[in-house]
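Working notes, beginning with the structure itself.
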Amino acid sequence: MEDYLKYQPEPDRNQVTFKEHVIDFFQTLVVFAAIGTAIYWLIAQPHKVSGSSMHPNFKDGDYIITDKLTYKFDEPKRGDIVVFKNPKDESVDFIKRIIGVPGDHVKVQDGKIYLNGEILEEPYLPGTITNPGSFLSEGSEVVVEDGRYITIGDNRSASSDSREWGFITRQEIIGKVFFRYWPANEIGLYPAAYSLEK
């Protein structure tokens, strides 16, 4: 029997190479997508600041990176600037500063925040007056419960925060702010934690 295989045309090496390149390209995309997804869910997440509740330290339109890894191994601290789920609408993320951690005694009186019986020194604010709210009412001391935190915006006159709606839970915290990448003149690591120990 005649061997017809010897009459088969040679494969087009250019066509094979092109297919291999396409497959390699899509494999690379899949790998990078997997890495990006892992980073987004486990390590860091970009956010855009909307509104003026953290002015002057963060402004409307700032772009930041939220560190999601640190709080897997450590507890949130007073002074940390955190991103968390809005307690009333989980589709919205908030950015605020932690003022009270579990066990703290917090009150608002005469335009000041009192933490564990002493006026809270806030070096990150330019002489701001802190007004009370329906939760942190004037002169009424609140004890922070286990697994909960009091968060307040730096722009006290334009922030909806724990003064009104109370504690946030540990589970609602996405992470803490550690890097600002826009605007260009303010790019850099952000010292998110201040020593507010009492």
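The values are calculated or read from the model by the stated rules, or taken from the named source; none is laboratory data. Remember, it's a predicted structure, so these values are computed and weren't measured experimentally. Glycine gets a Cβ as well: all are built from the backbone with ideal geometry, and neighbour counts include every protein chain shown.
Before moving on, here are some points about what is shown:
- The set of residues from the stretch 63-74 being over 26 Å from Pro183 (Cβ atoms) and touching a residue at least 60 places away in the same chain (Cβ under 8 Å) comprises just one member, Tyr71.
- Checked across the stretch 140-158, the condition of being touching a strand residue (DSSP E or B) at 6+ places or on another chain (Cβ under 8 Å), part of a loop (DSSP other than H, G, I, E, B), polar (S, T, N, Q) and surrounded by 14 or more Cβ atoms within 10 Å (Cβ to Cβ) holds for no residue.
- In the stretch 46-99, the residues that are closer than 19 Å to Gln171 by Cβ, among the hydroxyl-bearing types (Ser, Thr, Tyr) and buried (at least 21 other Cβ atoms within 10 Å of the Cβ): Thr66
- Restricting the stretch 167-178 to residues that are over 20 Å from Gly51 (Cβ atoms) and surrounded by 12 or more Cβ atoms within 10 Å (Cβ to Cβ), the residue that is nearest to the chain's Cα centre (by Cα): Phe178
- Selection within the stretch 140-166 - farther than 18 Å from Ser91 by Cα and out of contact with any Ser or Thr (no Cβ under 7 Å at 6 or more places or on another chain): Ser140, Glu141, Val142, Val143, Val144, Glu145, Asp146, Tyr149, Asp154, Ser157, Arg163, Gly166
- Residue satisfying all of: in the stretch 100-126; under 30 Å from Gln45 (Cα atoms) and modelled with pLDDT under 95; surrounded by the most Cβ atoms within 10 Å (Cβ to Cβ) among these: Glu122
- Test: residue in the stretch 111-123 that is under 22 Å from Gly188 (Cβ atoms) and either touching a residue at least 60 places away in the same chain (Cβ under 8 Å) or in the same structural domain as Glu141 (by TED's automatic domain parsing) (or both): yes
- Taken residue by residue, the stretch 127-148 has at least one member that is of a type outside the set (A, V, I, L, M), in the same structural domain as Lys68 (by TED's automatic domain parsing) and modelled with pLDDT under 90.
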